[in-house]
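Before any comments, here is the structure.
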Amino acid sequence: MSHNHVEDEVAINAMLSEMYRAWGANDADGFVSYYTDDATAILPGSLRGSRKVIRESMAAGFDGPLKGSSTVDRQLSLRFVGEDAAIAVSEGGILFAGEDAVPEARKIHATWVFEKREGRWMVAAYHNSPVLAPAHA
C-alpha cells in the first residue's frame, strides 16, 4: 500500500523552519529540541554523538564564533524510507552578521536523516561536507 507523505513533508519542513529560527535566535536548546536523544551529527573534523553533545557544541558556538549568525538551507531532495524515516539532501551554509549570501567557499551539502517517533518527526542524524569546486587539471 502506498503512503501519501504530503503531511509528513509539511511537518518536516515546519520542523526545519523552527530549527532555523532557533539558530537565528542563537537558542541552542530550541535548535536541538528536534534532535533525538541518540542523534549524531558529523561535520568536517568532528563527531557529535548525542543531542546533549550537539547542544553543548551549539551553545559554545552561539556564545562564540556563531553569535549573531543564521543559517540557510535549500532542500535538494526529500525521500521517505518506509513510514517513519526520511532522508533529505540540502545545500546551504552559515550567514555571519552583515552577510546576505553564503560565499561559495563556505557552502555545504548536508544529509539529514529524520525519524518519526511517537508521531513527531525528529532529526536522527545529520552530516555535512563542503561543496568543493572542481579541481583544475
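The values are calculated or read from the model by the stated rules, or taken from the named source; none is laboratory data. Just so we're clear, the structure is a prediction, and the values are computed from it rather than from any experiment. Cβ atoms come from the backbone with ideal geometry, glycine included; neighbour counts cover every protein chain shown. Quick note on the areas: whole protein, heavy atoms, side chains included, nothing else; ligands and nucleic acids left out. Shrake-Rupley method; radii C 1.70, N 1.55, O 1.52, S 1.80 Å.
Once the range 32-57 is narrowed to residues that are in contact with a helix residue (DSSP H, G or I) (Cβ under 6 Å, 6 or more places away or on another chain) and without any contact (Cβ under 8 Å) to a residue 60 or more places away in the chain, the residue that is most open to solvent (accessible area, probe 1.4 Å) is D37.
For the range 117-127, a residue qualifies if it is assigned to a strand (DSSP E or B), open to solvent by 20 Å² or more (accessible area, probe 1.4 Å) and not aliphatic (A, V, I, L, M), and the qualifying residues are R117, R120, Y126, H127.
Within the range 76-97, which residues are open to solvent by 50 Å² or more (accessible area, probe 1.4 Å), without any contact (Cβ under 8 Å) to a residue 60 or more places away in the chain and of a type in the set (D, E, K, R)? Passing the criteria: R79, D84. Take the conditions (1) more than 17 Å from Y20 (Cβ to Cβ); (2) aliphatic (A, V, I, L, M); (3) within 15 Å of the chain's Cα centre (by Cα); (4) surrounded by fewer than 16 Cβ atoms within 10 Å (Cβ to Cβ); A60 misses just one of them, which is (3).
Flag: V89 does not match the condition of being in contact with a His (Cβ under 8 Å, 6 or more places away or on another chain) and over 25 Å from V53 (Cβ atoms). The numbered conditions (1) out of contact with any strand residue (DSSP E or B) (no Cβ under 8 Å at 6 or more places or on another chain); (2) under 19 Å from L16 (Cα atoms) are all true for D38 except (1).
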